[in-house]
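Dropping a structure here in structure tokens format, bear with me for questions.
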């Protein structure tokens, strides 16, 4: 079976985790602090705050940016449902703008049409690692005095060209960028997330809220030369990262550039193999964006039965996944304020994800593409 994704783990990663287990400090300790420092350098951000996953990262970043009950946040329905859920966790309401048909990311003109008096922020998504049109979204936010939070769950190592220079996603452009380290991501800690920001006030509030709004951190209390008792000024959360997770992520960071180079070569391989194949629509990469190719999403030709194609590929030993969901079609968000969502619904219904992972071979790519062609011929009656 060729899986959809496979974590790229090496013996050094395992040794790093074992070293933490032997240290006796297992949660939000020195390994987390070191991972935060390394990650901040990797993306060019002054501050990085490690948390338990990207949903909690989004939750804390939104809260720290001033989103609360009664607010609205414009975002993409075309995203994993956690994007909308994080807004709800703040007591706010998601407002769904449609997407660009090529990048699968927020269409700036759709965002501006939905701005109203209750809108407090824009939560943009770098879907599947493809950068969104961040300069246009930031310009809209400046005109309307809105915060911008980036859902960069899939986008570690992706880049965007701004003013002629390539900038990594997470560089200090928006109020904060939030990353995921789920096993399907390019860099994984099993679970885990990170908030990258240039705002010291936002970083400090996220650090406080992730640990029950404790006035003194565990590390500071243990390092104190005298008895220290903490206080709790407001309700907070347990959104901490463990030191085992941090050690795993830190061990992988030095390989990030090589891993992304390999993934970009695999994306090029798919593009070459799929050229002229039964009207399949490969993903597009704008000239101002460099994706890390966290996922490779293709559009099926008209008339192809996607569940049938996916089952035929599974029978041939190739795992696939449906395209990114449209959250407004799920029960919690069917009544959310939105525009037409025509493009989001079409992409969600007609696209699928092909396997792509570090270590994938040319032979495996051939098997995937041949299985896709065979499945499509059967679905389209031998066309």
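Each value in this text was obtained by applying a stated rule to the coordinates, not by laboratory testing. As the structure is a computational prediction, the values presented were derived from the model and not from experiment. Methodologically, a virtual Cβ is constructed for each residue, glycine included, from the backbone with ideal geometry; neighbour enumeration extends over all protein chains shown.
Apply 1/(1 + (r/R0)^6) to the Cβ-Cβ distance of residue 215 and residue 258, taking R0 = 45 Å, and write down the FRET efficiency to the nearest 0.05.
Working: r = 42 Å, r/R0 = 0.93.
So, using R0 = 45 Å, E works out to roughly 0.60.
When the chain is modelled as a GNM with alpha-carbon springs shorter than 10 Å, which of 286, 94, 332 fluctuates the most?
Largest GNM mean-square fluctuation: 332.
Picking from 74, 140, 149, which is most flexible by a Gaussian network model of the chain using Cα springs under 10 Å?
140
What angle do you read, to the nearest 10 degrees and between 0 and 90, between the alpha-carbon axis of helix 30-43 and the longest principal axis of the chain?
With both axes taken from Cα atoms, the answer is about 50 degrees.
Once label points are set 7 Å from the Cα along Cα→Cβ at both residue 23 and residue 11, what is their separation, rounded to one decimal in nm?
Calculated label separation equals 2.3 nm.
What is the percent of Cα-Cα separations in the stretch 256-379 that go past 20 Å?
Within the stretch 256-379, distances greater than 20 Å cover 48 percent of Cα pairs.
Among 200, 235, 183, determine the one that fluctuates most according to a GNM of the chain built with springs between C-alpha atoms less than 10 Å apart.
235
Considering only the chain, what is the antiparallel percent among its DSSP beta bridges, to the nearest 5?
60 percent
Taking neighbour counts of Cβ atoms within 10 Å as a proxy for exposure, in what order, fewest first, do 150, 36, 345 appear?
345, 36, 150
For the stretch 166-325, just say rounded, prolate or oblate: build the C-alpha gyration tensor, square-root its eigenvalues into a ≥ b ≥ c, call rounded for a/c under 1.5, and beyond that prolate if a/b exceeds b/c, oblate if not.
Prolate.
While we're on this one: Going by C-beta contacts inside 10 Å, put 180, 93 in order with the fewest on the left.
Numbers: 180 29, 93 19.
Ascending Cβ contact count within 10 Å gives the list 93, 180.
Based on the Cβ-Cβ distance of residue 118 and residue 81, what FRET efficiency does E = 1/(1 + (r/R0)^6) give at R0 = 25 Å, to the nearest 0.05?
The computed FRET efficiency comes out at 0.70.
Calculate, for residue 373 and residue 337, the FRET efficiency according to 1/(1 + (r/R0)^6) with r their C-beta to C-beta distance and R0 45 Å; round to the nearest 0.05.
0.60
Scaled to the compact-protein estimate 2.2 N^0.38 Å, what is the alpha-carbon radius of gyration of the chain, rounded to two decimal places? Let's see the in-between values first.
Numbers: Rg = 21.3 Å, N = 383, 2.2 N^0.38 = 21.1 Å.
Compared with the compact-globule rule of thumb, the chain sits at 1.01.
Could you give the nm distance between label points at residue 346 and residue 272, where each point is 7 Å from its Cα heading toward the beta carbon?
Reported label-point gap for residue 346 and residue 272 is 3.1 nm.
So, one more: Report, to the nearest 10°, how far helix 306-315 tilts away from the longest principal axis of the Cα atoms in the chain, using its own Cα long axis and a range of 0 to 90°.
Rounded to the nearest ten degrees, it is 90.
Something else about it: Can you give the extra length, in nm with one decimal, that the chain gains between residue 33 and residue 315 once fully stretched, where that is 0.36 nm per residue apart less the Cα-Cα distance?
96.9 nm
Moving on. At a 10 Å Cβ-Cβ cut-off, how would you order 25, 166, 333, fewest neighbours first? Each step should come with its number before you reach the end.
Values: 25 16, 166 12, 333 20.
Going from sparsest to densest Cβ surroundings: 166, 25, 333.
Turning to a different aspect of this structure: Mind jotting down a quarter of the surface of the convex hull over the alpha carbons of the stretch 16-86, in square nanometres, one decimal?
6.7 nm²
Let me ask something additional. Taking all pairs of distinct Cα atoms, average 1/r, flip it, and tell me the Kirkwood hydrodynamic radius of the stretch 123-196 in Å to one decimal place.
12.5 Å
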